[in-house]
Amino acid sequence: MAGLALAGCALVEPPPAPPPAPAPAPPVATRPAVDPAALAEEARALLAQAETDIQRARSRRALWSGAWQALVGARAALSGGDAAESIRQSRRASELAQLGLEQLAYPAVKSATRSTP
């Protein structure tokens, strides 16, 4: 009986565990194919919006020169077939035209108060 009791206490190493399986790679997000015709249509729509924004800013005498330059760049890019650049420039032109209009809400001159000694 003593031998049986001692045999139960003997250290037996378990077999080595198999290495863990590598985690599956996360799915790679692929961009959907861009349709050139749809991109050109979007560029034309954004260019029209930019022209409207520029006209509005010009009529209120709030047109910034950077907005005009971006509009000219958008037109040139679209006529050159670069719809992505035209989109970027059109958005910039609209943004600057909007900022020019927002600037009208601020006073033209900050009044300075002087204290005389």
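Please treat every number below as a calculation from the coordinates, not as lab data. The model shown is predicted, which means the values in this text are computed figures rather than measured ones. Every residue, glycine as well, gets a Cβ built from its backbone with ideal geometry; the counts of neighbours run over all protein chains shown.
Structural remarks
- Rounded to the nearest 20, the Cβ-based charge dipole of segment 44-103 about its Cα centre (Lys and Arg +1, Asp and Glu -1) stands at 160 debye.
- Per-residue 3J(HN,Hα) values for segment 74-79, derived from phi via the Karplus relation 6.51 cos²θ - 1.76 cosθ + 1.60 with θ = phi - 60°, read 5, 5, 5, 5, 5, 5 Hz in sequence order (x marks Gly and Pro).
- Karplus (6.51, -1.76, 1.60) ³J(HN,Hα), θ = phi - 60°, over segment 40-51, in Hz, Gly and Pro reported as x: 5, 5, 5, 4, 5, 5, 5, 5, 5, 5, 5, 4
- Here, segment 44-103 is characterised by an Rg to Rh ratio of 0.98, where Rg is the alpha-carbon radius of gyration and Rh the Kirkwood radius.
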